[in-house]
Amino acid sequence: AICAIYGMGISGTRAAMAVPFGGIALFILVSKSWKSFAFSTLAFIAVFSFFNFTTIGDGNQYIRKMRSAFRPSEDASYQVRVENRKKMKGLMDEKPIGYGIGLSKGAQYGPKEVMPYPPDSWLVAVWVETGIVGLMLYLLIHRSAFRLVFVVADVQDYEPTFERIAGRMALHECRILY
């Protein structure tokens with residue numbers, strides 16, 4: 001657990017903070033024990049309060065990086081990404097099918113034109129490369145795959161538990177990746 005927390009700290013990504021908080025929130029929702037519910041809720045509130053409402057540990061670069069996920073208005077790199085997305089939107093209004101596969105990150109193929117702003121996430125890269133049409137298809141395919149995991153699970157008549165939900169999510173990710 002300590003290695004995982006350290007890894008989240010040095011990664012500097014906001015998702016590294018969102019995933020554990022989402023996991024704790026899911027655990028709180030499916031917890032059947034009052035002791036687990038109370039302890040998890042208190043832990044969630046304590047960690048959230050530490051990052052959002054205090055300045056304890058700001059001298060540590062890793063805590064400062066993790067804290068930036070809770071204060072995006074104070075994060076200069078996040079503000080640059082927001083501005084880049086606004087500029088990208090203006091350029092993408094003219095290209096409903098996008099710039100082309102592989103052209104969101106640079107001119108390695110010698111195309112006529114490339115996106116002048118770097119994508120900041122996988123979905124933004126999909127949007128730039130395939131346009132709004134491709135992004136909608138991408139999201140529709142993933143939504144269908146996600147629903148398939150739970151429709152198959154609903155056919156089986158048993159109560160979903162935290163382990164089963166986590167297992168289905170892992171299976172869904174494997175289906176997406178491979």
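The values are calculated or read from the model by the stated rules, or taken from the named source; none is laboratory data. As the structure is a computational prediction, the values presented were derived from the model and not from experiment. With ideal geometry, Cβ positions are generated from the backbone for all residues, glycine too; neighbour counts draw on all protein chains shown. The protein model used for the area step is the full one, side chains on, heavy atoms only, and it has no ligands, DNA or RNA in it. Shrake-Rupley method; radii C 1.70, N 1.55, O 1.52, S 1.80 Å.
Assuming a ≥ b ≥ c are the square roots of the Cα gyration tensor eigenvalues, decide whether the stretch 1-93 counts as rounded (a/c under 1.5), prolate (otherwise, with a/b larger than b/c) or oblate.
prolate
Between Asn52 and Leu139, how many nm apart are label points set 7 Å from Cα along the C-beta direction?
Here the answer is 2.5 nm between the modelled labels.
Heavy-atom accessible area per residue, the stretch 1-97, 1.4 Å probe: how many Å²?
Result: 68 Å² of accessible area for each residue.
What ³J(HN,Hα) values, in whole Hz, does the Karplus curve 6.51 cos²θ - 1.76 cosθ + 1.60 give for the stretch 26-39 when θ = phi - 60°, with x put for Gly and Pro?
Residue by residue, the stretch 26-39 yields 5, 4, 4, 5, 9, 5, 9, 8, 5, 5, 5, 4, 5, 5 Hz.
Using a simple spin-label model with points 7 Å from Cα along the Cα→Cβ vector, what separation in nm is obtained for Lys112 and Tyr78?
4.0 nm
Return the whole-Å distance between the Cα centroid of the stretch 118-152 and the Cα centroid of the stretch 34-83.
So the separation of the two Cα centres works out to 28 Å.
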